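*Asks:* First the structure, then my questions, so here it is.
The values are calculated or read from the model by the stated rules, or taken from the named source; none is laboratory data. Values in this document were obtained by computation on a predicted structure and should not be read as measured data. Cβ sites come from the backbone with ideal geometry, for glycine too, and all protein chains shown count toward neighbours.
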Amino acid sequence: MTDVLIVGAGPTGLVLACDLARRGAAVRVVDRSPAPPRTSRAKGPNPRSLEILDDLGVAEEVLAAGSDPLPMLKYRDRRPVAEADPWADSAPSPDARYGRGWLIAQWRLEGILRDRLAGYGVRVEPGREVVGLAQGRDGGDGGHVDVTYADGPAGRARYVVGCDGAHSSVRKLLGITFEGTTAEDQVMVCGDVDLADGALDRTRWHQWFDEDGAVMLCPIPGTRTGWWFQAGPERDGRGRPLAPTADGFRRLLAHHTALPGRALTRAELLSTYRVNVRMADRFRAGRVLLAGDAAHVHAIAGGLGMNTGIQDAFNLGWKLGLVLAGHADAELLDTYEEERLPVAARTLDLTSERLRATLEAIRRPGGGLDAAITPDTTGLGVGYRWSSLAAGGPAPGAEQPGPRAGDRAPDAPCADAATGERTRLHRVFAGPRTTVLGFGPGSAAVLRETADAYGGDADVRVCRVYAAHEDHAGAEPGAVVDDAGHAAAAYGTGASGDTGAGTVVVVRPDHHVGVLAPADDARSVREYLRRLHGTGRSAERSPGMVDAVR
Ligand SMILES: Cc1cc2nc3c(=O)[nH]c(=O)nc-3n(C[C@H](O)[C@H](O)[C@H](O)COP(=O)(O)OP(=O)(O)OC[C@H]3O[C@@H](n4cnc5c(N)ncnc54)[C@H](O)[C@@H]3O)c2cc1C
C-alpha cells in the first residue's frame, strides 16, 4: 500500500515527496494538471528555504539555475528616480550560510525537484485529479484512506497530504473551512514575457509606479529575453479590471514606461492575481493533512507563499517518516499543526503588514517593492518555542546567549575532526535524521549512551563538537572541531570546553533545536529521543504503526 499519497505537485508537494522518498517511504504524487504546471508565480527561495533545498541535495543546482536577487530601479513619470538593493546588507554569516534569497522561476525550481524525485524512482502522475476521500471515523480507522480520482481506478494510502493549492479539493472534501478575505480591489495582472533584446538593463528589477498604475519587470534568470511582467490591470469604463492580454501588456508598457509597446515580443502564462488572505482552521483530519497554499494563502508582498509551503513540507516530512517507520506514535503528527498553524497565522499578518507598507511607499516617488522586504522575510527567525517538542533549555526570558528549544538550530563553519576538511553544522545535520551535538568533555557520557542506544539506527547521529584547544586526537567518527569558535558562540556554550562541564543539543531532522540542556541532563535527551525514535536498539518496536484517528 502507498504510505503517503501527495495530492499536488507544486513546490510544497515536491519537497514533501523528496523528503519522504529519501527515507524510503512508498510515496505517490498525483496532480490533476496533464503536464507540469508552468505558471508565472514565485521568484525564488528565501534563505531558510535554501537551507532546506541544501538538505535535500538540490541547492547547488538551484543556485546554478538562478541568480542573486537584483537591485530595484524605481521610476516616476517614466524617469528613474531611485535605486534600492534591499539585500545589500544581507551577507552570509557563520550561523546562516544564505544571507539572501535566490532568484529562480518557480517552474524551474519545480523542475529541479521533480528530477530529484525521479532519482528516487518516484514520478509525478499527471492528469490525476482527486475527487473523493474516505477514512474511518469515530475510532473506525482502518489504517488507511481510500482515494477516488476523476478518472481511473481508486487508490488507498496510509496517509494523504493535500498540497493542492489555494482551491484545495482535499481541504473541501474534509469540510475544513478557509476563513479570511479576498480583496477584489487589489488586483494585479501577471505573465512571463519576452522583451526585444537589449530593450532594458537585465541587471535590475524595474518598477514604474505612477498615480494611475504600475508596471514591474524583472528578468527571468536562465533566459536571454524573458521577464516577469506584473502590473496594475487596465480597467473598463466602470473601473472593472480587464483580463490580461499581450496587447493589454503592450499598452501598459507604453503608458507607464519609456519603452514602446512593440518592445514586448511575446507574452504567455497570463493571469490575474487577487490578494487572498485565508487560512484553514485545522491542518489535519485523521490521516489527511494539509500543507502549503491548501492550508494558507496571503499577499505576495515579502515573497512568502511558496516559501511557507516548502517550510510546511519540511516540518511534516520527518514526522510522517518516523510515524510510518513505527518509531514514533501517531501523536507526533499533531505537532505539525501545533507548530505550523501559528506560523501560518503570523505569515498572514506579516504579509498583510508588508503589503500595506508597500502600498504606502509607492505613493511617493522613489517608493518600491523594497518596502516589502524585512529580516522577517528571510524565514531564518521562524521557530516553535511554544511547541510540545521544545524541551528543556533556559527559562523563557533567562539571560543566556544562543537558541532556545524550538528555535532554528544555527549553522557554524567548523572542521571535520578526522580529516581536517572544512564542513558546517548544517552539513552534519543534513539528511533525514536527528543529531545530538555534544559540547565540552562533560558531554561524552550522554553521547556514548546515545550512540550505544541508537548507533545502528541511521535516524540518530551523535556529533562531538571539540573546542579548538581541546585534544581531539582519536576523536569519535563524525566529530567536528569548532576551530574558530563559531559553534560555541552560536549555541551559547562558550564556557563548556573550558570548564569540563558541557552542553548537549538535540537537533531535529528539520534543523530545529529539540533539547538544549547541561550535558549531565542525560534524562532529557533520553526522553526526547524516545518520543521520536523509540528506545533504540533495545526497543521492542511494533512491526507496524501504532496509530489513532483524532
Ligand atoms: C503572481 C504570483 C507571484 C508570487 N510570488 C511569490 C514569491 O515571490 N515568493 C513566494 O514564496 N511565493 C510567491 N507566490 C505564491 C506561490 O506561487 C504559491 O504560494 C505556491 O505556488 C504554493 O505552492 P503549493 O505547492 O502549496 O501549491 P500550488 O503551487 O498551487 O500547487 C498545487 C498543485 O495541486 C494540483 N491540484 C489541485 N487540485 C488537485 C486535485 N484535486 N487533484 C490533484 N491535483 C490537484 C494543481 O494542479 C497544482 O499543480 C506567488 C504567487 C503568484 C500568483
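*Asks:* Only one of these is at pLDDT 95 or above and under 19 Å from Ala371 (Cα atoms): Tyr98, Tyr75, Tyr120. Name it.
*Replies:* Details: Tyr98 fails: under 19 Å from Ala371 (Cα atoms); Tyr120 fails: under 19 Å from Ala371 (Cα atoms).
After applying the criteria, what remains is Tyr75.
*Asks:* Determine if region 267-276 includes at least one residue that is modelled with pLDDT under 95, of a type in the set (Asp, Glu), assigned to a strand (DSSP E or B) and surrounded by fewer than 21 Cβ atoms within 10 Å (Cβ to Cβ).
*Replies:* Checked against the condition, which is being modelled with pLDDT under 95, of a type in the set (Asp, Glu), assigned to a strand (DSSP E or B) and surrounded by fewer than 21 Cβ atoms within 10 Å (Cβ to Cβ), region 267-276 yields at least one hit.
*Asks:* Within region 5-27, can one find any residue that is among the charged types (D, E, K, R), over 15 Å from the mean Cα position of the chain (by Cα), within 14 Å of the ligand (Cβ to nearest atom) and outside any loop (DSSP other than H, G, I, E, B)? Full working, then the answer.
*Replies:* Going through region 5-27, the residues among the charged types (D, E, K, R) turn out to be 19, 22-23.
Among the residues that remain, those that are also over 15 Å from the mean Cα position of the chain (by Cα) are: 22-23.
From the residues that got through so far, the ones that are within 14 Å of the ligand (Cβ to nearest atom) too are none.
Among the residues of region 5-27, not one is among the charged types (D, E, K, R), over 15 Å from the mean Cα position of the chain (by Cα), within 14 Å of the ligand (Cβ to nearest atom) and outside any loop (DSSP other than H, G, I, E, B), which makes the answer no.
*Asks:* Does Thr435 fit the bill of being closer than 30 Å to Gly321 by Cβ, crowded, with 21+ Cβ neighbours inside 10 Å and more than 29 Å from the chain's Cα centre (by Cα)? Full working, then the answer.
*Replies:* Values: closer than 30 Å to Gly321 by Cβ: yes; crowded, with 21+ Cβ neighbours inside 10 Å: yes; more than 29 Å from the chain's Cα centre (by Cα): no.
It is false that Thr435 is closer than 30 Å to Gly321 by Cβ, crowded, with 21+ Cβ neighbours inside 10 Å and more than 29 Å from the chain's Cα centre (by Cα).
*Asks:* Using the structure shown, decide if Asp89 is closer than 30 Å to Pro219 by Cβ, charged (D, E, K, R) and without any contact (Cβ under 8 Å) to a residue 40 or more places away in the chain. Outline the logic, then answer.
*Replies:* Working: closer than 30 Å to Pro219 by Cβ: yes; charged (D, E, K, R): yes; without any contact (Cβ under 8 Å) to a residue 40 or more places away in the chain: yes.
Yes: the conditions hold for Asp89.
*Asks:* On to the next question. With Glu360, Glu337 as the choices, which residue is assigned by TED's automatic domain parsing to the domain that holds Leu109, away from the ligand (no atom under 14 Å from the Cβ) and under 21 Å from Phe178 (Cα atoms)? If you could, list the steps in order and put the result at the bottom.
*Replies:* Numbers: Glu360 fails: under 21 Å from Phe178 (Cα atoms).
None of the others qualify; the one that does is Glu337.
*Asks:* For the structure I just gave you, tell me whether Lys43 is within 12 Å of the ligand (Cβ to nearest atom) and of a type in the set (Lys, Arg).
*Replies:* Numbers: within 12 Å of the ligand (Cβ to nearest atom): yes; of a type in the set (Lys, Arg): yes.
Considered against the rule, which asks whether it is within 12 Å of the ligand (Cβ to nearest atom) and of a type in the set (Lys, Arg), Lys43 comes out as yes.
*Asks:* If a residue must be among the aliphatic types (A, V, I, L, M), under 19 Å from Ala157 (Cβ atoms) and within 13 Å of the ligand (Cβ to nearest atom), how many such residues does region 272-287 contain?
*Replies:* Restricting attention to region 272-287, the residues satisfying the condition of being among the aliphatic types (A, V, I, L, M) are 275, 277, 279-280, 285.
Keeping just the survivors that are under 19 Å from Ala157 (Cβ atoms) gives 285.
After this cut, where a residue has to be within 13 Å of the ligand (Cβ to nearest atom) as well, the list is none.
Going through region 272-287 one residue at a time, the tally reaches 0.
*Asks:* Now a separate question. Could you say which residue among Gly132, Gly127 is in a strand (DSSP E or B) and within 15 Å of the ligand (Cβ to nearest atom)?
*Replies:* On the way: Gly127 fails: in a strand (DSSP E or B).
Exactly one of Gly132, Gly127 is in a strand (DSSP E or B) and within 15 Å of the ligand (Cβ to nearest atom), namely Gly132.
*Asks:* Taking region 135-150, which residues are within 10 Å of the ligand (Cβ to nearest atom), under 17 Å from Gly13 (Cβ atoms) and either at pLDDT below 95 or hydrophobic (A, V, I, L, M, F, W, C) (or both)? Spell out the reasoning first.
*Replies:* So the first thing to find is which residues in region 135-150 are within 10 Å of the ligand (Cβ to nearest atom), and the list is 147, 149-150.
Cutting the leftovers down to under 17 Å from Gly13 (Cβ atoms) gives us 147, 149.
Result: Val147, single match.
*Asks:* Can you give me the number of residues within region 289-308 that are surrounded by fewer than 24 Cβ atoms within 10 Å (Cβ to Cβ) and more than 9 Å from the ligand (Cβ to nearest atom)?
*Replies:* Going through region 289-308 one residue at a time, the tally reaches 1.
*Asks:* Here is a check on your reading of the model: is Val189 buried (at least 17 other Cβ atoms within 10 Å of the Cβ) and within 18 Å of Arg235 (Cβ to Cβ)? Write out each step before concluding.
*Replies:* Numbers: buried (at least 17 other Cβ atoms within 10 Å of the Cβ): yes; within 18 Å of Arg235 (Cβ to Cβ): yes.
So Val189 passes the test.
*Asks:* So Thr181 passes all but one of these: (1) part of a helix (DSSP H, G or I); (2) more than 9 Å from the ligand (Cβ to nearest atom). Which condition number does it fail?
*Replies:* (1)
*Asks:* Output the number of residues of region 430-472 satisfying the condition of being in a strand (DSSP E or B) and in contact (Cβ under 8 Å) with a residue 40 or more places away in the chain.
*Replies:* Pass one, region 430-472, residues in a strand (DSSP E or B): 434-439, 460-467.
With in contact (Cβ under 8 Å) with a residue 40 or more places away in the chain added as a condition, the list becomes 434-439, 460, 464-466.
Total satisfying the criteria: 10.
*Asks:* Go through (1) β-branched (Val, Ile, Thr); (2) crowded, with 17+ Cβ neighbours inside 10 Å; (3) more than 26 Å from Ile310 (Cβ to Cβ) one by one and return the number of the condition Thr419 breaks.
*Replies:* Unmet for Thr419, out of (1) β-branched (Val, Ile, Thr); (2) crowded, with 17+ Cβ neighbours inside 10 Å; (3) more than 26 Å from Ile310 (Cβ to Cβ): (2).
*Asks:* When only residues in region 215-251 that are touching a residue at least 60 places away in the same chain (Cβ under 8 Å) and aliphatic (A, V, I, L, M) count, which is nearest to Cys190 (Cα to Cα)?
*Replies:* Met216
*Asks:* Inside region 90-120, can you point out the residues that are of a type in the set (A, V, I, L, M) and in a helix (DSSP H, G or I)? Lay out the reasoning, then the answer.
*Replies:* Just the residues of region 90-120 that are of a type in the set (A, V, I, L, M), to begin with: 91, 96, 103-105, 109, 112-113, 117-118.
Residues satisfying the conditions are Leu109, Ile112, Leu113, Leu117, Ala118.
*Asks:* Can you find, within region 1-48, the residue that is surrounded by the fewest Cβ atoms within 10 Å (Cβ to Cβ) among those that are over 13 Å from Leu109 (Cβ atoms) and of a type in the set (Val, Ile, Thr)?
*Replies:* Thr2
*Asks:* When you scan region 405-432, how many residues do you find that are farther than 24 Å from His327 by Cβ and in contact with a Leu (Cβ under 7 Å, 6 or more places away or on another chain)?
*Replies:* Adding up the residues that qualify gives 3.
*Asks:* A follow-up question, please. Have a look at Gly321, Gly326, Gly383 and point out the one that is away from the ligand (no atom under 15 Å from the Cβ) and more than 21 Å from the chain's Cα centre (by Cα). Don't jump to the end; show me each part of the working.
*Replies:* Values: Gly321 fails: more than 21 Å from the chain's Cα centre (by Cα); Gly383 fails: more than 21 Å from the chain's Cα centre (by Cα).
Of the residues listed, the single one that is away from the ligand (no atom under 15 Å from the Cβ) and more than 21 Å from the chain's Cα centre (by Cα) is Gly326.
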